[in-house]
Amino acid sequence: MTLLELDDLEVRYGAITALRRVRLTVGDGEIVTLLGANGAGKTTTLRTISGQLHPVRGSVSLDGARLTGLPAHQIVARGVSHVPEGRRVFPRMTVQENLLMGAYRDRRHARTDIERVFTYFPRLRERADQVSGTLSGGEQQMLAIGRALMSRPRVLLLDEPSMGLAPLIVATIFKVIAEINREGVAILLVEQNAVQALKIADRGYVLDNGGIALSGPATSLLSDDRVRQAYLGEDG
């Protein structure tokens, strides 16, 4: 069953067309990865879904209900949470205060949800009262994902969650992404580590110059020579 759908999406920055007639779906319970070179339109896609950018044509819908034109906070309320590239935690707030900010629209279940985040990321429990600006990059990424989960999303948008992190932390992040998905959250993942992304994804799309160049099951994309040469650093 289709949960999130982008239909004929076109986004411009002034005279520059960033997305060209993009069609993309994420099914209920799926992990879908979005691959592409820098500047291909991956971050623009996520920002458009979450209401930070507005398309000049096309639509974004969740479970058949149109999201296009809604302000970002209403899109969160409908069930879409966005973890942006660069984490963007509130550096002067503690870990716990950051998590509570993720539950700003409804704090009735905040304590239960914080415990859930701490189960995913035990390191955050140890640092619950620590100012977030003093956390390591990996801990800040854990916090950014945890904060997004506090709104109880149906779809989680992740933009480059492994960027700049040590391999051990990357492994932890991807393990938790898979756990979150197993608990029923659909995920749209933008990720520089194409191999890691395709290994945990059900399906994938490849963006090139703002348009969808390839799509298919993740296993098929992993074995596609064009993907291997362009994004996996292999010659075939």
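The values are calculated or read from the model by the stated rules, or taken from the named source; none is laboratory data. Quantities reported herein were computed from a predicted structural model and do not represent experimental measurements. Backbone-built Cβ (ideal geometry, glycine too); neighbour counts: all protein chains shown.
Overview of results
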item: Qualifying positions in the stretch 132-149 - closer than 26 Å to Thr25 by Cβ and either among the β-branched types (Val, Ile, Thr) or in a loop (DSSP other than H, G, I, E, B) (or both); result: Ile145
item: Residue satisfying all of: in the stretch 77-102; out of contact with any strand residue (DSSP E or B) (no Cβ under 8 Å at 6 or more places or on another chain) and β-branched (Val, Ile, Thr); modelled with the lowest pLDDT among these; result: Val89
item: Test: Arg116 is among the basic types (Lys, Arg), surrounded by fewer than 14 Cβ atoms within 10 Å (Cβ to Cβ) and touching a helix residue (DSSP H, G or I) at 6+ places or on another chain (Cβ under 9 Å); result: no
item: Out of Thr2, Thr94, Thr68, Thr17, sole residue that is over 14 Å from the mean Cα position of the chain (by Cα) and closer than 22 Å to Arg182 by Cα; result: Thr2
item: Subset of the stretch 172-208 that is of a type in the set (Val, Ile, Thr) and in contact with a strand residue (DSSP E or B) (Cβ under 8 Å, 6 or more places away or on another chain) - its residue that is surrounded by the fewest Cβ atoms within 10 Å (Cβ to Cβ); result: Ile200
item: Cβ-Cβ under 6 Å pairs, at least 6 apart or on other chains, the stretch 134-149 side over 15 Å from Phe90 (Cβ atoms), far side small (Gly, Ala, Ser); result: Gly137/Gly164
item: Val185 being touching a helix residue (DSSP H, G or I) at 6+ places or on another chain (Cβ under 6 Å) and either closer than 24 Å to Ala65 by Cα or of a type outside the set (Ser, Thr, Tyr) (or both); result: no
item: Residue within the stretch 42-57 that is over 18 Å from Leu157 (Cβ atoms), touching a Gly at 6+ places or on another chain (Cβ under 9 Å), of a type outside the set (D, E, K, R) and surrounded by fewer than 21 Cβ atoms within 10 Å (Cβ to Cβ) present; result: no
item: Residue in the stretch 71-85 that is farthest from the chain's Cα centre (by Cα), counting only those that are assigned to a loop (DSSP other than H, G, I, E, B) and touching a residue at least 24 places away in the same chain (Cβ under 8 Å); result: Gly79
item: Neighbours by Cβ (under 7 Å, 6+ apart or cross-chain): first from the stretch 28-57, touching a residue at least 12 places away in the same chain (Cβ under 8 Å) and at positive phi; second of a type in the set (Gly, Ala, Ser) and part of a helix (DSSP H, G or I); result: Gly51/Ala72
item: Residues located in the stretch 77-100, provided they are polar (S, T, N, Q) and more than 19 Å from Val190 (Cα to Cα); result: Thr94, Gln96, Asn98
item: Pick from the stretch 36-60, criterion over 19 Å from Glu5 (Cβ atoms) and aliphatic (A, V, I, L, M), ranking: modelled with the highest pLDDT; result: Ala40
item: Residue that is within 30 Å of Gly14 (Cα to Cα) and surrounded by fewer than 22 Cβ atoms within 10 Å (Cβ to Cβ), where the choices are Pro91, Pro71; result: Pro71
item: Hits in the stretch 86-109 (condition: among the small types (Gly, Ala, Ser) and not in a helix (DSSP H, G or I)); result: Gly86, Ala103
item: Residue tally, condition touching a residue at least 12 places away in the same chain (Cβ under 8 Å), part of a helix (DSSP H, G or I) and not β-branched (Val, Ile, Thr), over the stretch 176-215; result: 8
item: Residues within the stretch 24-70 that are of a type in the set (Lys, Arg) and not in a strand (DSSP E or B), tallied; result: 2
